[in-house]
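Have a look at the structure below before the remarks.
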Amino acid sequence: MVENLSKTEFISICVRNPRLLKDYLWHAHLDYEICLQTNSMCFRKKTSSVRRRYSEFVWLRDCLEQNALIMELPNLPPWNPFFSPGNKEQVLQRMKGFQEFLESVVQIPLLLSDSRLHLFLQSDLSITKMAKCASGKTSYTVAEAIQRSGSGCISRLEDKASFDSDCESCSSSGLGGSVDTSVR
């Protein structure tokens, strides 16, 4: 029975550690750490950690909606014009909503095949760079973007349009983020 458990595929996602970032004097936003741990063959890395903000979740949902056609997608937590980064209850509700959204998305095989989802979950690329990479308009592939994420190699790839010797030595063992294994 223990052997069967070890062969079961799993995808564990945890949204945590909100961080307040100030863009300029009067504007600030929160970003959230997304930790992924999996043994699924669908994912390039088995553990990863990235940070994303609300607008990036909206972008991802819009992208997945284009791919899903008539399929009903899970909802994101609603945008709230009165959202306060200082209100712990609002922040916790939003994190919970993000986590439920991602957990639902990775259970849908059609969506799990979307390279933008993988870039969102396992790379530190911006929305613009994720879109370009997913459509083949970068000097690096989706797999390279994910494998090199967090190592600084992608910016060098963009500058030189090819791997240099420093980039070849970059670690590909993960982003070093801790994963909360208590989540489902």
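The values are calculated or read from the model by the stated rules, or taken from the named source; none is laboratory data. Being a predicted model, the structure only gives us computed values, none of them experimental. Because the Cβ atoms are built from the backbone with ideal geometry, glycine has one as well, and the counts that use them run over all protein chains shown. To get the accessible areas, we keep the full protein, side chains included, count just its heavy atoms, and leave off ligands, DNA and RNA. Shrake-Rupley method; radii C 1.70, N 1.55, O 1.52, S 1.80 Å.
Taking a ≥ b ≥ c as the square roots of the eigenvalues of the Cα gyration tensor, segment 1-138 is classed as prolate, since a/c reaches at least 1.5 and a/b is larger than b/c. Per residue, segment 98-142 exposes an accessible area of 40 Å² to a 1.4 Å probe, with every protein chain left in place. Only lysines eight or more places from Lys46 in sequence, or on another chain, were considered; those with a Cα closer than 29 Å are Lys7, Lys96, Lys129, Lys132, Lys137, Lys160.
Remark: the Cα gyration tensor places segment 43-86 in the oblate category, a/c being 1.5 or greater and a/b not exceeding b/c. For segment 7-154, with all protein chains in place and a probe radius of 1.4 Å, 56% of the accessible heavy-atom surface sits on carbon or sulfur.
Peptide packing for 61-69, 85-93, 116-124 was compared via the average number of neighbouring C-beta atoms within 10 Å per residue; ordered from the highest value, the list is 116-124, 61-69, 85-93. Packing order of peptides 104-112, 72-80, highest average first: 104-112, 72-80 (average count of other Cβ atoms within 10 Å over each peptide's residues). Let me know the shape class of segment 14-74, please: from the alpha-carbon gyration tensor, a ≥ b ≥ c as square roots of the eigenvalues, rounded when a/c is under 1.5, otherwise prolate if a/b is greater than b/c, or oblate. The shape class here is oblate.
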